[in-house]
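Values quoted throughout were computed directly from the atomic coordinates according to the rules given, and no laboratory measurement underlies them. Computed from a predicted structure; not experimentally measured. Here the Cβ is made from the backbone with ideal geometry for all residues, glycine too, and neighbour counts use every protein chain on show.
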Amino acid sequence: MTVRKVWVGATLAVGSALAFVMLLVVGVYVVAGNLVNGVGGGAAKSLAKGSVPAAYQQLVSRWGNLCPAINPALLAAQLYQESGFNPQAQSHAAAQGIAQFIPGTWAVHGIDGDGDGDRDVWDPADAIPSAATYDCTLASYVKDVGGDLTENMLASYNAGAYAVIKYGGVPPYEETQNYVKRIRELEKSFAAPVGRVDPSRQAAGAIAFAQKKLGTPYLWGGNGTADQGGRFDCSGLTKAAYESVGITLPRVANDQYNAGPHPARDELLPGDLVFFSDDLTNSRAIRHVGIYVGGGYMIDAPRPGAVIRFDPIDTPDYFGATRVTEDGAKALPTTV
C-alpha cells in the first residue's frame, strides 16, 4: 500500500489520455480473443523470481524436488497458504511454525533438516524439509490410487490417506476438493512460467475502472468509499478495479502478487498488475502496485499529495507483474 517516488512529467490533455486508454482497452479484448486458447503457464518446476523470500528460496528449491508428487512451486504454495512464510505463525488449533505442524504430527513427521541435532518446529531449516518429507510420505500411502498423484497427496493432507484410498482419488468432500484446487492454483503463482500466460478476460474492465479515477487524490488506506471521498491508495485502487469485474483481490499489494501467474516484462499486457519493492528478492516486501496500460505505463495511486495518474513502470524498484485470474484470486488465503 505504500508509495513510489516518481512523477510522470506529463501534462496530457484529458481527451488524449482517454483516447489513449480506450485504445489500450480495445487492444486487451483483441489480444484476449487471439490468445485465450493459447499456451498457458505450464507445470513449471522452478520458482518465479522473488516469489519465495530469499531466506527460504534454497530450502524450497531443494526440498521441493524430494519426490515426484511435489515441486518447489507446490511446496511454496503450501507454505504460503499455511503461514504466509511466517516462521513464528501459530494458529488457534496449536499449529506451529512456517509449515503449521500440529504437535502430534510434528512428533511423528518432524525431521532434523539442517543436521544440527534437534528437530525444531519453529526453525524453517527443519520445518520446510519436514513439510516436503511429510508430503512425500502421504504420496507413498496413495501411490497405487488412480488419478493424479499430487492431487491425491494434497487430498490426503487434508482428509487423510484412508479417505483417498476409500474413494479411489480425491474424496467427495467440499472442503478437501476446495483445498486441492486452491493449492494447485497457488502453485501457478509461485512457478516461473514456461510459456506465454493467457490474458485475463476481465482486464479491460479493470482498466476502464481505473481510468475513470484519473485525477482523484491519493488517500492512505483509501478504498474509494463515500466517507473517504472516493479516494484510494495503490492497492485499494487495484482491488476496486478488479472487484468491478467480479474478481476479489486481497487488500495489500504483496498478497495481490499471488493472484495469478507472472508474465515477463516483455510479455506484459494491459490489465496486468505491476509491482514495486526495495527488496527484489522477496515478494512479501512489495510496497506498491499499479495497473499496466501498455507502452511502459501504468495507472496508479502513487503517494500522499499526488493524484491517480499515469506513471512509467521501468524504474529500479520494478519487481514484476501478475496476470490476475479469477481462480488465482479465489485461491488466496484470507489470513496471511
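Entry note: the stretch 185-313 has Rg to Rh equal to 0.94, where both radii use alpha-carbon atoms and Rh is the Kirkwood radius. Take the Cα of residue 248, step 7 Å toward its Cβ, do the same at residue 173, and the gap between the two points is 2.4 nm.
Pull up the DSSP beta bridges for the chain and report the antiparallel fraction as a percent, rounded to 5.
Values: 20 of 21 bridges.
Of all bridge pairs located within the chain, approximately 95 percent are antiparallel.
Peptides 299-308, 268-277 ranked from most to least packed by the mean count of surrounding Cβ atoms within 10 Å: 268-277, 299-308. Binning all Cα-Cα separations of the chain at 10 Å, short to long from zero, yields these whole-percent fractions: 6, 25, 31, 21, 12, 4, 0.
Charge tally for residue 327 (other residues, Cβ to Cβ under 14 Å; Lys, Arg +1; Asp, Glu -1): +3. Taking the C-alpha atoms only, the angle from helix 124-141 to the longest principal axis of the chain is near 70 degrees. Using just its DSSP H runs of length 4 or more, each adding -39500 (n - 2.57), the chain gives a mean residue ellipticity at 222 nm of -12000 deg cm²/dmol after division by all residues.
Per q in 0.14, 0.15, 0.25 Å⁻¹, report the Debye log10 I(q)/I(0) for the stretch 134-215, using one uniform scatterer on each alpha carbon and no solvent. Normalising to I(0) and taking log10 leaves -0.60, -0.64, -1.09. Counting charges near residue 74 (Lys, Arg +1; Asp, Glu -1) among other residues having Cβ under 9 Å from its Cβ returns a value of -1. Partnerless cysteines in the chain, where a partner means another cysteine C-beta under 4.7 angstrom, comprise 234. Averaging the Cα positions of each part gives two centres, and for the stretch 213-227 and the stretch 232-265 these lie 16 Å apart. The orientation-averaged projected area of the convex hull spanned by the Cα atoms of the stretch 121-273 comes to 12.8 nm².
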